[in-house]
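Below you'll find the structure, written out as structure tokens, and then a few comments.
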Amino acid sequence: MKFLVDTHLLIWSTINSTKLSRAARAILKDTGNECYFSSASIWEIAIKRCCHPKEMPVSAEEAQRLFLSAGYVELPVFSRHSALVEHLPAIHSDPFDRILVAQARSEGMHLATHDKIIPQYGDLVVHV
């Protein structure tokens with residue numbers, strides 16, 4: 001199964017945080033799954049690290065290196081993903097979460113997230 005992994009889960013998995021749930025660990029460790037990170041997650045980390053450095057444990061450059069070395073596959077943000085955001089219901093206002101939903105839908109992936117609002121986008125979202 002293909003999973004697009006949200007930013008928090010990616011960070012928690014690479015720094016071995018106790019915040020990462022057992023269900024999330026199971027998805028990420030299952031060798032039958034292909035796990036992806038969005039280039040938007042790197043952008044999100046860069047913005048949050050710049051504005052709130054104490055709240056973001058890794059830099060964007062460190063995150064990219066860690067995600068790739070952990071075996072995650074990078075998914076670029078294509079114009080078709082950006083265009084799809086316009087057609088999403090206004091369930092969530094965070095632009096980073098909305099682009100992840102659009103990417104997952106466009107690419108036929110599941111979105112693994114800890115966010116409690118995003119599952120309202122439907123069956124493609126796996127709350128862990």
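The values are calculated or read from the model by the stated rules, or taken from the named source; none is laboratory data. Bear in mind the structure is a predicted one, so any value in this text is a computation, not a measurement. Here the Cβ positions follow ideal geometry from the backbone for every residue, glycine too, while neighbour counts run over all protein chains shown.
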query = For the stretch 5-20, which residues satisfy the criterion of being polar (S, T, N, Q) and touching a helix residue (DSSP H, G or I) at 6+ places or on another chain (Cβ under 9 Å)?
reply = THR7, SER13, THR14, SER17, THR18
Residues being touching a strand residue (DSSP E or B) at 6+ places or on another chain (Cβ under 9 Å) and surrounded by 13 or more Cβ atoms within 10 Å (Cβ to Cβ) - total across the stretch 62-86 = 9
query = Within the stretch 98-109, which residues are in contact with a strand residue (DSSP E or B) (Cβ under 8 Å, 6 or more places away or on another chain) and within 15 Å of GLU44 (Cβ to Cβ)?
reply = ILE99, LEU100, VAL101, GLN103
ask   = Only one of SER59, SER21 is touching a Lys or Arg at 6+ places or on another chain (Cβ under 9 Å), surrounded by fewer than 17 Cβ atoms within 10 Å (Cβ to Cβ) and either modelled with pLDDT under 95 or hydroxyl-bearing (Ser, Thr, Tyr) (or both); which?
value = SER59
query = Before we move on, is HIS92 under 15 Å from the mean Cα position of the chain (by Cα) and at pLDDT below 95?
reply = yes
ask   = Taking the stretch 94-128 only, how many residues are of a type in the set (Val, Ile, Thr), out of contact with any Asp or Glu (no Cβ under 7 Å at 6 or more places or on another chain), buried (at least 17 other Cβ atoms within 10 Å of the Cβ) and more than 19 Å from GLY32 (Cα to Cα)?
value = 2
ask   = Could we say that LYS19 is assigned to a loop (DSSP other than H, G, I, E, B), charged (D, E, K, R) and more than 10 Å from the chain's Cα centre (by Cα) here?
value = yes
